[in-house]
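What follows is a short report on a single structure.
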Amino acid sequence: MDYFNYQADELYVEDVSVQDIVYQHGSPCYIYSRATLERHWKAFDDAFGEQPHLICYAVKANSNIAILNLLARLGSGFDIVSLGELERVVAAGGDPKKIVFSGVGKREDEILAALKMGIRCFNIEVSGELDRIDILAEQLGVIAPVSFRVNPDVDALTHPYIATGLKENKFGIDFDQALSEYRRAAAMPNVQVVGIDCHIGSQLTESRPFLDALDRVLALVNALENEGIALHHIDLGGGLGICYKDEHPPEPAEYIKAILARLSHQKYEILLEPGRAIAGNAGILVTQVEYLKTTPYKNFAIVDAAMNDLIRPSLYGAWQEIIPVTKRGGVDEKHWDIVGPVCETGDFLGKDRPLKIGQGDLLAIRSSGAYGFSMSSNYNSRPRCAEIMVDGTKVRVIRDRERISHLWAGEHLLAL
Ligand code: LLP
């Protein structure tokens, strides 16, 4: 359930008409619903009941500080992958003690900053990272809390670009090498082993691969216990899918119930790192039709948003629902390719969509709250669009539209 609904023929976000927002703040823009965002986070949190747990929102899905702040206020933890994300979380009021740091290529400066801030733990993905963390922790005179992200070699049954848990993927420690890495870590003076984690991919629509990965992780946990290496938490990563079209992913409650059933009465705190399932259906991208171009072969609706604003359709061939902001009478329905102004044939937001549209109409691209703005760029020297949060009847700009002058700020002419 979300809060993007029609009232008569007008699309509303919570209690505000999308058309009114665009009149005031311009097009294209991302619009988020606070109630939807919070509802999705709570769906994860509530499902755990008495079981010790921490929901570590994956910042990469949508890293606007207003969003991070709302989640921090609910008590959320955060999964980060860069110094930039670390600083964002802290700027947004997030608690460093609830931050887990994932990623295959953590630089020294990133590790140092995270150690100084006292994060919850490093999710180590490569053997050399353990040695680097041990040395840097010694330099600072601290003990670094670590977990290994193991690669369980499980097929996530998702798009190959976002499957991460197969042995041929760059992510995580090879399953068969994990035990010896844990032994090395346990013997190091400046690290403390606190957990284990895995993340097998994104937009998973079934529980099965998650449970297969959990089984493998639990086998390793038992082996570690037998060696006297005690863990405090098990982090099962993110990856729960959402409905873009006709997918039927499990609800967070169903998925968490299945995990808890598999764990039976194990004492570990459970961490999850959901991103898309919290933010995805909490946002839309609104765009205006600039021109209609009909040829003997195709109908194109050329809109003012493009692949630089929302790259998922171009990059993964992703399908996201496109709906009118104002339902129209008076024109025939036709099949349209919704394309942007960028100079690439791959610049499309949707293809062959049955719509009744005219020049100047506004369209909403649904399910754009995750991996929408956070993957946007300035390609074709297009300023990135505004981000707006609706909270009941209130509308707040949470990121200004970039100005043209921002585009070359920081660039320099040659001195001569
Ligand atoms: N944890 C780790 C270590 C991750 O790498 C990711 C996502 C997550 C958690 C969150 O996964 P989620 O719950 O959002 O599925 N740009 C792609 C998705 C890339 C996901 C990368 N890692 C897309 O637009 O579909």
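Observations
- Condition check for Gly237: part of a strand (DSSP E or B), touching a residue at least 40 places away in the same chain (Cβ under 8 Å) and of a type in the set (Gly, Ala, Ser): no
- Residue within segment 72-95 that is closer than 21 Å to Ala258 by Cα, in a loop (DSSP other than H, G, I, E, B) and either of a type in the set (Lys, Arg) or out of contact with any Asp or Glu (no Cβ under 6 Å at 6 or more places or on another chain) (or both) present: no
- Only a single item in (1) over 20 Å from Leu271 (Cα atoms); (2) touching a residue at least 24 places away in the same chain (Cβ under 8 Å); (3) among the acidic types (Asp, Glu) is not met by Asp212, and it is number (1).
- Failed item, numbered, when Pro252 is tested on (1) closer than 23 Å to Arg132 by Cα; (2) within 16 Å of the ligand (Cβ to nearest atom); (3) touching a His at 6+ places or on another chain (Cβ under 8 Å): (1)
- Some residue of segment 125-140 being surrounded by 19 or more Cβ atoms within 10 Å (Cβ to Cβ), more than 16 Å from the ligand (Cβ to nearest atom) and of a type in the set (Gly, Ala, Ser): yes
- Condition met for Asp332 (in a loop (DSSP other than H, G, I, E, B) and away from the ligand (no atom under 16 Å from the Cβ)): yes
- Hits in segment 263-284 (condition: of a type outside the set (Val, Ile, Thr) and away from the ligand (no atom under 14 Å from the Cβ)): Leu263, Ser264, His265, Gln266, Lys267, Tyr268, Glu269
- Any hit, segment 169-184, residues being within 16 Å of the ligand (Cβ to nearest atom), out of contact with any strand residue (DSSP E or B) (no Cβ under 8 Å at 6 or more places or on another chain) and under 23 Å from Leu272 (Cα atoms): yes
- When Val154 is tested against (1) buried (at least 23 other Cβ atoms within 10 Å of the Cβ); (2) at pLDDT below 95; (3) part of a helix (DSSP H, G or I), just one condition goes unmet, and that condition is (3).
- The set of residues in segment 394-416 being assigned to a loop (DSSP other than H, G, I, E, B) and surrounded by fewer than 10 Cβ atoms within 10 Å (Cβ to Cβ) consists of Arg403, Ala409, Gly410, Glu411, His412, Leu413, Leu414, Ala415, Leu416.
The values are calculated or read from the model by the stated rules, or taken from the named source; none is laboratory data. The shown structure was predicted, so the numbers you read here are calculated from the model rather than taken from an experiment. When we count neighbours, we look across all protein chains shown, and the Cβ atoms used for this are built from the backbone with ideal geometry, even at glycine.
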